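Please read the structure below before turning to the comments.
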Amino acid sequence: MITLYGFGRVYPGMVGKARDLRVQWVLEETGLPYRVHALDYIAGDLDSPAYDRISYFHQVPVIDDDGFVMAESGAILLYIAEKTGKLIPADFVERMQVVQWCFAALATAERPLFEIQLIDAGLGGKWSDERRAVLVKEATRWLMGLERRLEGREWIACEVFTVADILLATVLRGARRTGLLEPYPRVQAYYAKALARPAWQRTLQLCAERQGVSVTDIS
């Protein structure tokens, strides 16, 4: 059985925002049996000797699949897709499209949005206004690209829902209160369709339960 190391107790501003949700979502989509090992961030579980043995960077998420340990959310999603044969096409070219859009979500889209989140949370420092303007310009460029990509398409990489959509939808979730998505109707429709999936709704409920909050607090 897979053990997912994810967040349990965290500071209020962190609730429902961590990358472990991506992994729980893919596990819910594929139906693999799993358990969650909830880490107490406030108590320092991520810096414990036990966790140091499986997470070189002391980060979440990590999975342990009967002794095979893997970190990094994108790699974990691809591993689970390969293991189950779900959420990734059998055709080689289509598979590479999925890999491409996994990288695009994490390497291109996530960085500016994540930094904007930090600034909006008051963690930007002295030059935060100037830095935010630069980041918004960068995010706008790739949102325009996503809008073009989604013309006539239901999902980002190929005709079916894949792990690339899980990664991109959770990245876009970081922008849900910034107003950045408003000029892009295709992106908004894509995002809403992805997060309407039953597996995501189950993931939110399970996250809320282990972090002791209501679903409305994190949705």
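Could you list, ordered by first residue, the pairs with Cβ atoms under 8 Å in which the first is in region 134-153 and in the same structural domain as Pro183 (by TED's automatic domain parsing) and touching a residue at least 40 places away in the same chain (Cβ under 8 Å) and the second is exposed (fewer than 13 other Cβ atoms within 10 Å of the Cβ) and not in a helix (DSSP H, G or I), at least 6 apart or interchain?
Leu143/Pro183
Suppose we filter Ile76, Ile116 for residues that are touching a helix residue (DSSP H, G or I) at 6+ places or on another chain (Cβ under 7 Å) and in the same structural domain as Asp40 (by TED's automatic domain parsing); which single one remains? Step through it out loud before you land on a result.
Working: Ile116 fails: in the same structural domain as Asp40 (by TED's automatic domain parsing).
Answer to the selection: Ile76.
Can you report the number of residues in region 166-213 which are more than 23 Å from Val10 (Cα to Cα) and among the acidic types (Asp, Glu)?
Qualifying residue count for the region: 1.
Restricting to region 119-156, what's the tally of residues that are within 18 Å of Tyr184 (Cβ to Cβ) and either among the β-branched types (Val, Ile, Thr) or in contact with a helix residue (DSSP H, G or I) (Cβ under 7 Å, 6 or more places away or on another chain) (or both)?
So the count comes out to 13.
How many of the residues in region 56-81 are surrounded by 18 or more Cβ atoms within 10 Å (Cβ to Cβ) and among the small types (Gly, Ala, Ser)?
3
Can you run down the residue pairs with Cβ atoms below 7 Å, 6 or more apart or on separate chains, where the first is in region 82-98 and surrounded by 10 or more Cβ atoms within 10 Å (Cβ to Cβ) and of a type in the set (Gly, Ala, Ser) and the partner is in a loop (DSSP other than H, G, I, E, B) and modelled with pLDDT under 95?
As it stands, the answer is none, since no pair meets every condition given.
In region 161-219, how many are in contact (Cβ under 8 Å) with a residue 24 or more places away in the chain, under 20 Å from Thr30 (Cα atoms) and in a loop (DSSP other than H, G, I, E, B)?
3
From (1) assigned to a helix (DSSP H, G or I); (2) more than 27 Å from Pro61 (Cα to Cα); (3) modelled with pLDDT of 95 or more; (4) charged (D, E, K, R), pick out the condition that doesn't hold for Arg153.
Going through the list (1) assigned to a helix (DSSP H, G or I); (2) more than 27 Å from Pro61 (Cα to Cα); (3) modelled with pLDDT of 95 or more; (4) charged (D, E, K, R), Arg153 breaks only (1).
The values are calculated or read from the model by the stated rules, or taken from the named source; none is laboratory data. It should be emphasised that the depicted structure is a prediction, and the values quoted were computed from it without experimental measurement. Glycine also receives a Cβ, built like all others from the backbone with ideal geometry; neighbour counts cover every protein chain displayed.
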